[in-house]
Amino acid sequence: MGDLIHYERNLPHRLPPGSTIFLTFRLADSLPANVVLRLQMQFSSGEQTEDLYAKQRRYFGKFDNLLDGAAHGPTWLEQPQIANVVGASLRHFHGKAYDLICYCILPNHVHLVISLPDEAPFLARTIQRIKGYTALQANQLLSRTGQFWQRETYDHIIRSGEEMQRVIAYVVNNPVKAGLVESWEQWPHTYWPEIQ
């Protein structure tokens with residue numbers, strides 16, 4: 001990966017220690033490849049004068065709305081056993097690689113907000129470890145083999161307290177937005193220790 005703090009695949013990734021980051025990762029094949037390609041082309045062909053932050057938010061909004069619909073691909077994370085493996089792994093790294101602020105595990109994707117201490121290990125490696133371990137465990141539980149997670153993770157640095165409140169509200173209310181429950185407290189795979 002070379003530089004694990006600043007790197008690019010399909011999207012730019014900025015993961016500096018000392019920052020607070022919103023992350024989203026999804027199951028492999030949870031969106032059709034042609035849809036992902038179309039979204040990536042829209043992202044890369046947008047106005048050059050447009051603020052990168054606004055461009056990324058618009059891209060992510062379209063992407064996440066499609067994931068919330070869960071109209072394509074696997075929804076293994078709706079199985080409590082699988083969601084519990086993922087949640088336990090996210091909590092395992094709390095206080096070791098990051099400070100976990102909140103997460104929500106949806107049927108085909110995961111949102112989380114973390115704060116990286118200045119001395120934190122490379123977040124890209126931590127996410128790789130989480131994905132590798134949970135993929136192995138989930139594939140065993142599902143009696144399957146093959147790719148479990150999509151390789152790329154969406155990340156966004158949270159820049160202010162106001163933005164932090166907005167992002168946390170987005171994460172915990174995602175099951176409501178997706179039509180899975182009427183109140184965020186009803187969703188069993190949301191973690192927000194400040195409230196609980």
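Of (1) modelled with pLDDT of 90 or more; (2) closer than 23 Å to His94 by Cβ; (3) more than 18 Å from the chain's Cα centre (by Cα), Thr134 satisfies all except one. Which?
In the conditions (1) modelled with pLDDT of 90 or more; (2) closer than 23 Å to His94 by Cβ; (3) more than 18 Å from the chain's Cα centre (by Cα), Thr134 misses (3) alone.
Answer yes or no as to whether Val113 is in contact with a Ser or Thr (Cβ under 8 Å, 6 or more places away or on another chain) and modelled with pLDDT of 95 or more.
yes
Identify all residues within region 172-196 that are touching a Phe, Trp or Tyr at 6+ places or on another chain (Cβ under 7 Å) and under 19 Å from Asp99 (Cβ atoms); write none if there are none.
Residues satisfying the conditions are Val172, Thr190, Tyr191.
Is at least one residue of region 96-107 out of contact with any Ser or Thr (no Cβ under 9 Å at 6 or more places or on another chain) and more than 28 Å from Ser183 (Cα to Cα)?
no
Looking at the structure I just gave you, is Tyr103 aromatic (Phe, Trp, Tyr) and either more than 17 Å from Asn174 (Cβ to Cβ) or at pLDDT below 95 (or both)?
It is false that Tyr103 is aromatic (Phe, Trp, Tyr) and either more than 17 Å from Asn174 (Cβ to Cβ) or at pLDDT below 95 (or both).
If you take the residues of region 103-145 that are of a type in the set (Gly, Ala, Ser) and not in a loop (DSSP other than H, G, I, E, B), which of them is surrounded by the most Cβ atoms within 10 Å (Cβ to Cβ)?
The selected residue is Ala138.
Looking at (1) out of contact with any Asp or Glu (no Cβ under 7 Å at 6 or more places or on another chain); (2) surrounded by 16 or more Cβ atoms within 10 Å (Cβ to Cβ); (3) closer than 22 Å to Asp64 by Cα; (4) not acidic (Asp, Glu), which is the only condition Ala178 fails?
The single condition Ala178 does not satisfy is (1).
Under the condition of being over 17 Å from Ser115 (Cβ atoms) and under 16 Å from the mean Cα position of the chain (by Cα), which residue from region 178-196 is modelled with the lowest pLDDT?
Top of the filtered list is Ala178.
Looking at region 146-169 only, could you name the residues that are surrounded by 16 or more Cβ atoms within 10 Å (Cβ to Cβ) and outside any loop (DSSP other than H, G, I, E, B)?
The answer is Trp149, Tyr154, Asp155, His156, Ile158, Met164, Val167, Ile168.
The values are calculated or read from the model by the stated rules, or taken from the named source; none is laboratory data. Bear in mind the structure is a predicted one, so any value in this text is a computation, not a measurement. Positions of Cβ are backbone-derived with ideal geometry, glycine not excepted, and every protein chain shown enters the neighbour counts.
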